[in-house]
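The values are calculated or read from the model by the stated rules, or taken from the named source; none is laboratory data. Computed from a prediction, not measured in an experiment: that's the story for all the values here. Note: ideal-geometry Cβ built from the backbone for every residue, glycine included; neighbour counts use all protein chains shown. With ligands, DNA and RNA removed, areas are computed over all heavy atoms of the protein, side chains included. Shrake-Rupley method; radii C 1.70, N 1.55, O 1.52, S 1.80 Å.
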Amino acid sequence: SPSWTLTANGVFSTKTTLQLISRNQHFIPNCDWNNVWKWKGPERVRFFLWTVLHHGLKTNFRRRRCGFTKDSSCSFCHLQSEDELHILRDCPFASQVWYAIVGHNLESSFFNMNMYDWFSKNPNPLRSVHMHSLNWHLVFGFTIWMLWKNRNARIFQNEISSVISLSSNSKPYC
């Protein structure tokens, strides 16, 4: 009969599975991973935030590294390689969405942080600011989720959304 080789008794355990996964991950010690699980919003968005932090999105950059495509460029602008930060923040389309939601009140560092600093500051309700009476941690989480959903709708269903429609779809959740 099959047995789990990572435990002495051959019985599956999530602890040994997590240990196996952790050996193959490059965790950033200064990043508070628990902030994502403290995020107050729907579970599917919380899981999405966790997936982003663990580089689990199948961006064109990742798809190219796995041999699924030859082109790693952004599906929207075709100017840069499509990694998580580009599609969720740095792409001209994503930047326009962020500005449409909060105007030019974004801190200047918002577009200059690395992934881990960006995540440690923004989805955390204890550290993030409230702009225009919006709960910023919710706006942040829903906006990046909507940007990703919009990217996939464009690729797989040939649907094209405007900046206005995407930004207005993010606000009702907050």
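A protection proxy built from the mean count of other Cβ atoms within 10 Å ranks the segments 64-76, 140-152, most packed first, as 140-152, 64-76. Taking all protein chains as shown and a probe of 1.4 angstrom, residue 99 keeps an accessible surface of around 80 Å². Gyration tensor analysis over the Cα atoms of the range 46-91 returns equivalent ellipsoid semi-axes of 18, 14, 6 Å (largest first, whole Å).
Determine, from the Cβ-Cβ distance of residue 80 and residue 16 and an R0 of 35 Å, the FRET efficiency 1/(1 + (r/R0)^6), rounded to the nearest 0.05.
0.30
Full extension from residue 7 to residue 38: what is 0.36 nm times the residue separation minus their Cα-Cα distance, to one decimal in nm? Extending this stretch completely gives an extra 8.1 nm.
Just read off the accessible area of residue 6 with the full protein assembly in place, 1.4 Å probe, to the nearest 10 Å². We get 70 Å² for residue 6.
At the residue level, residue 90 shows approximately 60 square angstrom of accessible surface with a 1.4 angstrom probe and all protein chains present. Given +1 at the Cβ of Lys and Arg, -1 at the Cβ of Asp and Glu and no other charges, the dipole of the range 37-79 around its Cα centre is 100 debye to the nearest 20.
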